Each structure stands twice: as C-alpha cells, then as structure tokens.
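**Student:** Would you mind keeping the following structure in view while I ask a few things?
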Amino acid sequence: MIFVEAPQSVEEIEQIAEEVDAPLLLNAVVGGRTPEIEHGRLVELGYRIAIHPGVALQAVVPAAIEALRGLHDHSPALNRSDSPEGFFDLFGLTAWDQLGKRYSDVHK
C-alpha cells in the first residue's frame, strides 16, 4: 500500500495512479494541499482507500467548545439523565462487553 501525501492537483492524483503499480491510499485533508476529488473518480483511477483525517474532529470541536463554555458559565454540560454507559453505548460498548464476557467464560 502506497500512502499518497499532498498531491497538488487532480492531474498529480491521476499521474500517480497511472505510474504506481501498487494499491494506493490517498490522504485527503480538508483545506490541505490535496485538491477535492470525487470518491467515484478515485475508484476509477484505482485508489483503494481515501482517508479524511480531521473531518469528524472538525464537526465535533465546536460542540466540545460549547460544552466547555457551559462548564465555565456554571451551566450543566450534559443532561443529567445522560450516563457514561449511555455515551459509550453509542460506540457499541455494551455489545463488546457482552462478547468479551461470553468468550472469557469459555476459557475458564
């Protein structure tokens, strides 16, 4: 896998795909040097993976700042009915925990 970092133009993205005989991974940083290019075009060119580091973080940071501002202003940052378990369950913690318990019992 070849990690393609910061091509400066769509033409460079295309040229790399033509000249490199290996699976390609394009690092597409929003606002970075890599120009925007449609996913379908990358597939046509033969890129196997396109990563978009920071996209989720860019969406989350303003909400985090607002929550921290709420703490500063002595406002509750979270609804009191929220729990750590409820938050972690957004990422499937309960299912993973159950799976871990299931298989840990097998090895006892």
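**Student:** Yes or no: segment 4-26 includes at least one residue that is modelled with pLDDT of 95 or more, within 22 Å of the chain's Cα centre (by Cα) and open to solvent by 40 Å² or more (accessible area, probe 1.4 Å).
**Tutor:** Among the residues of segment 4-26, at least one is modelled with pLDDT of 95 or more, within 22 Å of the chain's Cα centre (by Cα) and open to solvent by 40 Å² or more (accessible area, probe 1.4 Å), which makes the answer yes.
**Student:** Now a separate question. Inspect all residues belonging to segment 65-83 and state whether any of them is under 30 Å from Ile2 (Cα atoms), β-branched (Val, Ile, Thr) and open to solvent by 70 Å² or more (accessible area, probe 1.4 Å).
**Tutor:** There is no residue in segment 65-83 that is under 30 Å from Ile2 (Cα atoms), β-branched (Val, Ile, Thr) and open to solvent by 70 Å² or more (accessible area, probe 1.4 Å).
**Student:** Just checking, does segment 35-56 include any residue being of a type in the set (A, V, I, L, M, F, W, C), open to solvent by 80 Å² or more (accessible area, probe 1.4 Å), within 17 Å of the chain's Cα centre (by Cα) and at pLDDT 85 or above?
**Tutor:** No: segment 35-56 contains no residue that is of a type in the set (A, V, I, L, M, F, W, C), open to solvent by 80 Å² or more (accessible area, probe 1.4 Å), within 17 Å of the chain's Cα centre (by Cα) and at pLDDT 85 or above.
The values are calculated or read from the model by the stated rules, or taken from the named source; none is laboratory data. Note that the structure is a prediction, hence the values are computed from the model and not measured. For accessibility, only protein heavy atoms count, side chains too; no ligands or nucleic acids. Shrake-Rupley method; radii C 1.70, N 1.55, O 1.52, S 1.80 Å.
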